[in-house]
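Okay, structure first, notes after.
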Amino acid sequence: NKEIADVLQQLGVKDKNPAYSTGLSWGGQEGGTTRSIHSPADGNLIATVHMATPEHYDKVVEAAQEAFKVWRKVPAPKRGEVVRQIGNKLREHKEALGKLVSYEMGKILQEGLGEVQEMIDICDFAVGLSRQLHGFTMHSERPEHRMYEQYHPLGVVGVISAFNFPVAVWSWNTMLAAVCGDVVIWKPSEKTPLTAIACQHIIRDALAENEIPEGVFNLIIGDAEIGSLMSHDKRVALISATGSTRMGKKVGEAVGARLGKSLLELGGNNAIILTENADLEMALNAIVFGAVGTCGQRCTSTRRLIVHESRYEQVKERLLKIYPNLPIGHPLDSTTLVGPLIDKDAVSAFNNALEKVQQEGGTLLTGGDVLSGEGYETGTYVKPAIVEAENHYEMVQEETFAPILYLIKYSGEVESAIEIQNGVRQGLSSAIFSTNLLETETFLGHWGSDCGIANVNIGTSGAEIGGAFGGEKETGGGRESGSDAWKVYMRRQTNTINYGRELPLAQGIQFKV
Ligand code: NAD
């Protein structure tokens with residue numbers, strides 16, 4: 001594929017075992033196994049990568065620790081300047097990197113480009129932030145005393161990322177951590193290492209131009225074993241892990257056992273509530289984008305649609321007209337709205353979920369087929385499904401990372417819908433479609449949605465970087481990206497200074513030797 005070969009060339013990701021021989025702090029190729037990366041779009045081999053060994057990992061940590069000694073002394077606004085240049089390089093490479101994201105992961109090109117735009121946006125955000133890492137000052141209870149809080153860099157931050165946002169999630173963490181003075185070790189998903197390698201090349205140029213050691217931004221290509229080494233490693237001050245709840249429990253346990261810091265961004269089971277007072281035209285696009293966008297492989301994908309009984313048949317009928325006509329195909333084809341699933345395991349999970357939910361009493365209304373024939377030879381293309389179901393079904397309670405939308409009916413007031421929406425173990429994203437203020441405010445109230453994200457007349461997926469992103473319950477409780485999420489990448493210190501000639505104790509305690 002000439003187009004992809006050009007992209008790999010432009011991004012410095014050459015055919016066989018690309019990046020690591022070029023002096024990245026990854027640690028070399030000796031001894032590890034290799035992994036072939038095939039595109040889910042057409043099954044073609046894109047490249048073969050070397051997987052790191054524990055010895056490679058150690059070298060990377062050592063490089064990161066050395067780089068930290070330099071980086072923490074660079075003033076924060078100057079660190080911001082390096083991030084600004086990285087943002088500019090991402091702008092230059094947006095088209096190529098967006099294409100590679102699309103081809104390696106399978107999301108449509110528009111979403112691949114959107115992902116790179118998100119990286120650019122977070123760079124801009126981090127540049128501004130580099131001059132705003134404020135602490136508070138407070139009045140001391142003692143005379144001639146001053147008190148304030150300041151934030152210091154943490155040290156080495158480990159970022160473990162998932163396949164579905166192969167580069168954006170890394171940038172959310174890394175650009176903030178970088179302006180905070182931390183150094184980062186990134187372990188991308190073993191399913192999507194090539195986009196990570198491309199990012200490392202882009203960054204390497206910016207670092208070299210500023211004479212910054214490469215160990216500030218480190219990449220390690222490995223699987224769960226390397227992720228586990230990172231989680232258990234006392235040298236890594238913070239682990240930011242994005243992925244399944246199963247993975248998050250293991251990482252959380254390992255980091256907790258050594259009393260390290262963790263930021264967990266795990267699975268969702270997101271719902272849209274559509275009330276009697278919803279604007280259906282507006283809602284439909286949000287529902288379909290949420291349910292089938294990225295082929296149902298977003299952490300914020302819409303998995304449940306909770307519809308008031310008065311609108312139920314109408315909503316069902318409209319969706320059943322849209323679903324059979326969704327353009328499913330190659331993600332780089334501009335007419336495609338639904339690309340492939342990441343691999344055949346994901347297809348099996350899709351099939352199993354549909355089978356089980358029907359055994360539990362669900363009714364498959366549309367979709368559910370695995371496509372075959374021309375253009376679909378990989379066996380990774382599926383027809384998005386809608387299933388009439390009840391919230392308590394075991395499969396409805398699970399996050400199946402595939403395009404299955406469960407249609408659930410509610411009756412009575414909005415509180416009944418909210419109870420259903422909250423009645424799952426996960427708590428990432430939620431949304432309500434209603435033009436009634438009483439309903440929307442109830443949904444947003446503290447007795448309303450229990451999720452980290454609650455939207456009104458917007459779907460569950462497609463967050464902006466300006467707000468803190470993350471969720472509650474089994475979603476892990478972490479927050480990253482905008483707002484004051486930066487604080488997790490720093491350690492807080494309270495300082496009290498006595499500029500008098502007496503030594504009064506706090507709380508008026510008298511103690512004289
Ligand atoms: P996954 O859990 O299989 O893998 C995620 C990452 O964790 C990979 O890099 C993997 O190598 C690593 N890993 C796996 N086991 C590990 C272990 N024991 N110790 C350390 N690292 C380990 O997830 P996936 O299939 O790549 O991604 C899909 C999942 O990610 C979904 O559940 C989705 O909801 C979730 N996700 C959440 C968010 C969010 O912000 N909340 C964003 C994107 C994806």
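Net length available on complete extension from L503 to L438 is 17.7 nm, with 0.36 nm assigned per residue and the Cα-Cα distance removed. Taking the DSSP bridge list for region 329-469 and keeping only pairs wholly inside it, about 35 percent are antiparallel.
Expressed in nm to one decimal, what extension gain is obtained for the pair E377 and S348 from 0.36 nm per residue of sequence separation less their Cα-Cα distance?
Numbers: separation 29, 0.36 × 29 = 10.44 nm, distance 1.59 nm.
The span from E377 to S348 would gain 8.8 nm if fully extended.
Can you tell me the dipole magnitude for the chain around its Cα centre, using point charges on the Cβ only (Lys, Arg +1; Asp, Glu -1), in Debye to the nearest 20? Present the calculation step by step, with values, prior to reporting the outcome.
Working: 48 positive and 63 negative charges, 374 e Å.
Here the size comes out at about 1800 debye.
Of all DSSP bridge pairs formed entirely within region 137-260, close to 20 percent run antiparallel. If r is the Cβ-Cβ distance from K73 to H38 and R0 is 51 Å, what FRET efficiency results, to the nearest 0.05? So the FRET efficiency works out to roughly 0.70. Taking every DSSP beta bridge that has both ends in the chain, the antiparallel portion is near 35%. Close amide H partners of E472, meaning residues 5 or more places away or on another chain with modelled amide H under 5 Å apart, are G427, L428, G452, G477.
Which entries of K78/K187; K107/K187; K187/K261; K261/K473 show an alpha-carbon separation above 23 angstrom in the structure shown? Display every interim value, and only then the final one.
Numbers: K78/K187 26 Å; K107/K187 21 Å; K187/K261 17 Å; K261/K473 18 Å.
Going by Cα-Cα distance, K78/K187 fall outside the 23 Å limit.
Any chance you could tell me what percent of the C-alpha pair distances in region 116-168 go past 14 Å? For region 116-168, the share of Cα pairs beyond 14 Å comes to 73 percent.
Taken over region 184-267, the alpha-carbon convex hull comes to 92 cubic angstrom per residue.
In plain terms, the residue of E225, E474, E92 with the fewest other Cβ atoms within 10 Å comes first and the most crowded comes last, giving E92, E225, E474. Using the Cβ of E388 as centre and a radius below 9 Å, the other residues enclosed give a net charge of +1, where K and R count +1 and D and E count -1.
Got a sec? Charge dipole of the chain, +1 on Cβ for Lys and Arg, -1 for Asp and Glu; which of G329, L8, A67 is way out at the positive end? Of the listed residues, the answer is A67. Principal semi-axes of the equivalent ellipsoid, √(5λ) from the alpha carbon gyration tensor of region 360-513, are 49, 22, 15 Å from largest down.
Charged neighbours of R35, selected by a Cβ distance under 10 Å, balance to -1 (K, R count +1; D, E count -1). From the Kirkwood radius over Cα pairs of region 297-430, Stokes-Einstein at 25 °C and 0.890 mPa s returns a whole-number translational diffusion coefficient of 156 µm²/s. Taking the Cα atoms only, what angle lies between the long axis of helix 109-129 and the longest principal axis of the chain, rounded to 10 degrees? Long axis of 109-129 versus the principal axis of the chain: about 20 degrees. Under 5 Å from the amide H of H38 lie the amide H atoms of I46, each residue being 5 or more positions distant or on a separate chain, with H modelled from the backbone and absent for Pro and chain starts. For the chain, relative contact order (Cα pairs under 8 Å, six or more residues apart, normalised by length) works out to 17 percent. Using 1/(1 + (r/R0)^6) with R0 = 25 angstrom and r between the beta carbons of D205 and H152, what's the FRET efficiency to the nearest 0.05? That pair, D205 with H152, gives E of 0.30. When you work out D = kT/(6 pi eta Rh) for the chain at 20 °C and 1.002 mPa s, using the Kirkwood radius from C-alpha pairs as Rh and the Stokes-Einstein form, the result is 89 µm²/s. Size of region 264-329 from its Cα atoms: along the principal axes, largest to smallest, the extents are 38, 30, 16 Å.
Label-to-label distance, E92 versus R235, with points set 7 angstrom from Cα along the beta-carbon direction: 3.2 nm. Remark: relative contact order (region 220-328) = 21 percent; criterion is Cα-Cα distance under 8 angstrom and separation of 6 or more residues.
In percent, how large is the relative contact order of region 283-408, given Cα pairs closer than 8 Å and 6 or more residues apart? Write down the numbers at each step before the final one.
Values: 207 pairs, mean separation 38.6, N = 126.
After rounding, I find 31 percent.
Remark: region 287-300, residue by residue, has Karplus-estimated 3J(HN,Hα) of 5, 5, 4, x, 8, 10, x, 6, 6, x, 10, 10, 4, 9 Hz, where x stands for each Gly or Pro and the curve is 6.51 cos²θ - 1.76 cosθ + 1.60 at θ = phi - 60°. Below 9 angstrom from the Cβ of G260, what's the summed charge of the other residues (Lys, Arg +1; Asp, Glu -1)? Around G260, the charge tally is +2.
Once the trypsin sites (Lys or Arg not before Pro) in DSSP loops with at most 14 neighbouring Cβ atoms within 10 Å are cut out of the chain, the longest remaining piece is 259-424.
No lab work stands behind these numbers, since they all come straight from the coordinates. As the structure is a computational prediction, the values presented were derived from the model and not from experiment. All Cβ positions, even for glycine, are placed from backbone atoms using ideal geometry, and neighbour counts span all protein chains on display.
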